[in-house]
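Working notes, structure below.
The values are calculated or read from the model by the stated rules, or taken from the named source; none is laboratory data. All values reported here derive from a predicted model rather than from experimental measurement. Methodologically, a virtual Cβ is constructed for each residue, glycine included, from the backbone with ideal geometry; neighbour enumeration extends over all protein chains shown.
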Amino acid sequence: MATEAENKAFADLVMKVREKYPSLVGFLERPGIAAMLLQGAKDGWTADVMNQKFQETEYYKTTTDPQRKWDLLVATDPASAQRQYWLNTENTQKLGSSLGVQLDANSYQRITDEGTRNGWDNKTFTTALLGAHADGGWKPVSGGDLGHTITGIRGATANYGVTVSDPQIYKYAQGILNGSQTAEGVDEYLRSAAISRYSRNDALVAALKNGLTTKSFADPYMQVAAKELAINPETIDMQDSKWSRFLEESPDPAKQGMTLDHWRQTIRSDQVYGWDNTQGAKDEAANLASQLTKKFGATA
């Protein structure tokens, strides 16, 4: 058991630590720090020497500046630290709700804990929330900013007539929401993909380079299909080769893309479109039969 004199000597040493190295006292409970501070006070190290020794400790080498700042706040002003933690808790939950992600309480707490100690900004919290929702992959989502962004990207892929996988669409949405990329950047990528897909159609490539989408360029063809087949042109999926073939096929190898007239003939002749079952086809057949009847009847 330490004597009264030894206890007093130790208390004096601790006091000297607080006086000589006030900026490091908050790290006393970290492994190896207390012994170092006491040694420094005993041997009369200057503040500069102590700071150098501090940077050589395992604790310093394995932590970041935000982590050390948080540890210091917890040790020296626990009330402020608690207040900051609860603010981050509330902000994390609001961000998650706004994004439309579905997380359990443990996930929210883990993200809050990690983000608070590491001094995350909203961009990093957003990335963590989206990553936790996807759990390393991707998950369907319909609401919030995430759902809205995914829907927008899917609409853009349809407008350009290109196919993008669901996981990749999710990554694009993540990037837009966490600020690592822009919606304009994603749109430019889809435009480039469309130019590559339809590279043999000079007219379409020129239109794409001038700011049009594949869907805008294809509108006259879609209107022909809608009229011939009595369908809503908005239901035509340009990502389906059944509908995009007029942009990729040509009756004449010297030409690129079908003319509107050849597209109309293709719709009527290719069974995949089912033109024979439309009312227009039936009316045309009936009209032809009537004309033949009149012609042959008159001849007879």
Report task. Kindly indicate whether residue 290 is modelled with pLDDT under 85 and of a type in the set (Gly, Ala, Ser). Result -> yes
Report task. Identify, from the list 130, 103, the residue that is assigned to a loop (DSSP other than H, G, I, E, B), modelled with pLDDT under 90 and more than 22 Å from residue 241 (Cα to Cα). Result -> 103
Query raised in the report: Are any residues in region 159-170 buried (at least 18 other Cβ atoms within 10 Å of the Cβ), assigned to a helix (DSSP H, G or I) and modelled with pLDDT of 90 or more, and if so, which ones?
Result: 159, 160, 169
Query raised in the report: residue 219 is checked against (1) out of contact with any Pro (no Cβ under 9 Å at 6 or more places or on another chain); (2) at pLDDT below 95 and fails just one. What number does that condition carry?
Result: (1)
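Listed here are the residues, each with its yes/no results for (1) more than 29 Å from the chain's Cα centre (by Cα); (2) within 29 Å of residue 146 (Cα to Cα).
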residue	(1), (2)
20	yes, no
49	yes, no
54	yes, no
67	no, no
71	yes, no
85	no, yes
93	no, yes
96	no, yes
104	no, yes
Requested in this report: Consider residue 149 carefully, then state whether it is more than 30 Å from residue 276 (Cβ to Cβ), among the polar types (S, T, N, Q) and surrounded by 16 or more Cβ atoms within 10 Å (Cβ to Cβ).
Outcome: yes
Query raised in the report: Quick one: would you say residue 216 is outside any helix (DSSP H, G or I) and polar (S, T, N, Q)?
Result: no
Query raised in the report: Is there a residue in region 246-257 that is surrounded by fewer than 16 Cβ atoms within 10 Å (Cβ to Cβ), over 30 Å from the mean Cα position of the chain (by Cα), in contact (Cβ under 8 Å) with a residue 40 or more places away in the chain and not in a helix (DSSP H, G or I)?
Result: no
Requested in this report: Look through region 46-74, keep the residues that are in a loop (DSSP other than H, G, I, E, B) and touching a residue at least 24 places away in the same chain (Cβ under 8 Å), and return whichever of them is surrounded by the most Cβ atoms within 10 Å (Cβ to Cβ).
Outcome: 57
**Report entry** Hits in region 190-212 - residues which are part of a helix (DSSP H, G or I) and either surrounded by fewer than 16 Cβ atoms within 10 Å (Cβ to Cβ) or basic (Lys, Arg) (or both)
**Finding:** 191, 192, 196, 197, 202, 203, 206, 209
Report summary line: In region 219-246, residues that are touching a Leu at 6+ places or on another chain (Cβ under 9 Å) and under 10 Å from residue 161 (Cα atoms) total 1
Query raised in the report: So, in region 183-200, of the ones that are among the polar types (S, T, N, Q) and modelled with pLDDT under 95, which residue ends up farthest from residue 151 (Cα to Cα)?
Result: 199
Query raised in the report: Just to be sure, is residue 98 of a type outside the set (A, V, I, L, M), within 22 Å of residue 174 (Cα to Cα) and either in a helix (DSSP H, G or I) or touching a helix residue (DSSP H, G or I) at 6+ places or on another chain (Cβ under 7 Å) (or both)?
Result: yes
Query raised in the report: Quick one: how many residues across region 171-184 are surrounded by fewer than 20 Cβ atoms within 10 Å (Cβ to Cβ) and under 23 Å from residue 208 (Cβ atoms)?
Result: 5
Query raised in the report: Can you tell which of 156, 132, 79 is among the hydrophobic types (A, V, I, L, M, F, W, C), in contact with a Leu (Cβ under 6 Å, 6 or more places away or on another chain) and more than 30 Å from residue 217 (Cα to Cα)?
Result: 132
Query raised in the report: Restricting the first residue to region 169-186 and requiring it to be in contact (Cβ under 8 Å) with a residue 12 or more places away in the chain, which pairs with a second residue that is among the β-branched types (Val, Ile, Thr) and not in a helix (DSSP H, G or I) meet a Cβ separation below 7 Å and a spacing of at least six or different chains?
Result: 176/182
